[in-house]
1. Is it true that some residue in the range 121-141 is modelled with pLDDT under 95 and in a helix (DSSP H, G or I)?
2. Taking the residues in the range 184-241 that are crowded, with 17+ Cβ neighbours inside 10 Å and of a type in the set (Asp, Glu) as candidates, determine which candidate is nearest to Leu150 (Cα to Cα).
3. Are any residues in the range 86-127 within 29 Å of Thr199 (Cβ to Cβ) and exposed (fewer than 14 other Cβ atoms within 10 Å of the Cβ), and if so, which ones?
4. Select from the range 265-286 the residues that are more than 18 Å from Tyr156 (Cβ to Cβ) and in contact with a Pro (Cβ under 6 Å, 6 or more places away or on another chain) and list them in ascending order.
5. What do you reckon, is Tyr136 more than 13 Å from the ligand (Cβ to nearest atom), surrounded by fewer than 24 Cβ atoms within 10 Å (Cβ to Cβ) and either under 20 Å from Arg73 (Cα atoms) or among the acidic types (Asp, Glu) (or both)?
6. Go through the range 251-283 and give me each residue that's over 20 Å from Val64 (Cα atoms) and of a type outside the set (A, V, I, L, M, F, W, C).
7. Within the range 151-169, is there a residue that is surrounded by 23 or more Cβ atoms within 10 Å (Cβ to Cβ), at positive phi and either in contact with a Gly (Cβ under 9 Å, 6 or more places away or on another chain) or in contact (Cβ under 8 Å) with a residue 12 or more places away in the chain (or both)?
Amino acid sequence: MMYRRRLVRFVVLCGLLLLTVVGANLACANSPEAQVIDTEAASSTVTPYSTNAPLVYGKPSDIVWEALASINRDRALTDLRRVTGGEPICGSSDCYTVTNRPTGSEGLGRVKAYVETQLADLGYSVVRNNWSAEGYSDQNVIATKLGSVLPDEQIYLVAHLDGAGNTGGIYPAADDDASGAVDLIETARILSGYTFSRTLVLFFSTGEEQGSLGVNSYLSKLSAAEISKIKYVVDLDMIGYDANADGVMQLFHGDHAPSKALATSFKDIILHYGVNLVPDVTVGCA
Ligand SMILES: [Zn+2]
């Protein structure tokens, strides 16, 4: 039951992520027929990373409602079982049950392949990004959907595939961070049916438990010009666990004013669309 309850929570949060992309990403819907999320219209009102002004997320959008309605809880639950060993991951040659997902492990390797297949089948451009740092090496899995209007402006959604290891329980690292990763897979499915003005980057990292090695290695190799293309980043980590079942969703933003603005907008969007959560904008990092 705990397992299912957690899933219910993070599928709801998947909806929130959609809101982030379709809503906080300054959505101003064109005609639904076009299925293009126009982020251009409101861009003049926002200067990311240089102001603490709230983001503008536009009027309630039929596209957002449509996207929210298409969240498939059973599909996400299947992903969660596979990523955490509740059922095997089966390919063309064999089936494999994941027992844990430490960086560099076979279990993590199987999960990376699974995620990669899901994303490629959805039509995303998917690459493996090799990294090596501090005695560890692994790969990030990165899926991209090129923006149709402002392709050089990128929105990153991040979750880590690696886990701290099986500490004796079932479903290892289900919360940290299969919850975020599975959310991102389901989000990828839904968003694959839309076109966005800005480029969407779905970043499945590894080496997170060793100090965000995969992400840091990736960033260290980007040029200043490439860094400047990154306009927003939403990190989904441990989103499936509500220890005291109070429905409070903590939105951590650190001490960076623009991040606080993003978190505040996230809260506004939750309220705007009547999502059944209690958003709590919190300084610091979980
Ligand atoms: Zn984590």
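1. Within the range 121-141 (the criterion being modelled with pLDDT under 95 and in a helix (DSSP H, G or I)), the answer is no, since none of the residues qualifies.
2. Ranking the qualifying residues of the range 184-241, first place goes to Asp235.
3. Thr117, Ala120, Asp121, Gly123, Ser125, Val127
4. Listed by number, the residues that qualify are Lys267, Ile270.
5. Details: more than 13 Å from the ligand (Cβ to nearest atom): yes; surrounded by fewer than 24 Cβ atoms within 10 Å (Cβ to Cβ): yes; either under 20 Å from Arg73 (Cα atoms) or among the acidic types (Asp, Glu) (or both): no.
So Tyr136 fails the test.
6. Answer for the range 251-283, where residues must be over 20 Å from Val64 (Cα atoms) and of a type outside the set (A, V, I, L, M, F, W, C): His253, Gly254, Asp255, His256, Pro258, Ser259, Lys260, Asp280, Thr282.
7. So far as the range 151-169 goes, no, none of its residues is surrounded by 23 or more Cβ atoms within 10 Å (Cβ to Cβ), at positive phi and either in contact with a Gly (Cβ under 9 Å, 6 or more places away or on another chain) or in contact (Cβ under 8 Å) with a residue 12 or more places away in the chain (or both).
The values are calculated or read from the model by the stated rules, or taken from the named source; none is laboratory data. Model, not experiment: these values are computed from the prediction. Virtual Cβ from ideal backbone geometry, glycine too; neighbours counted across all protein chains shown.
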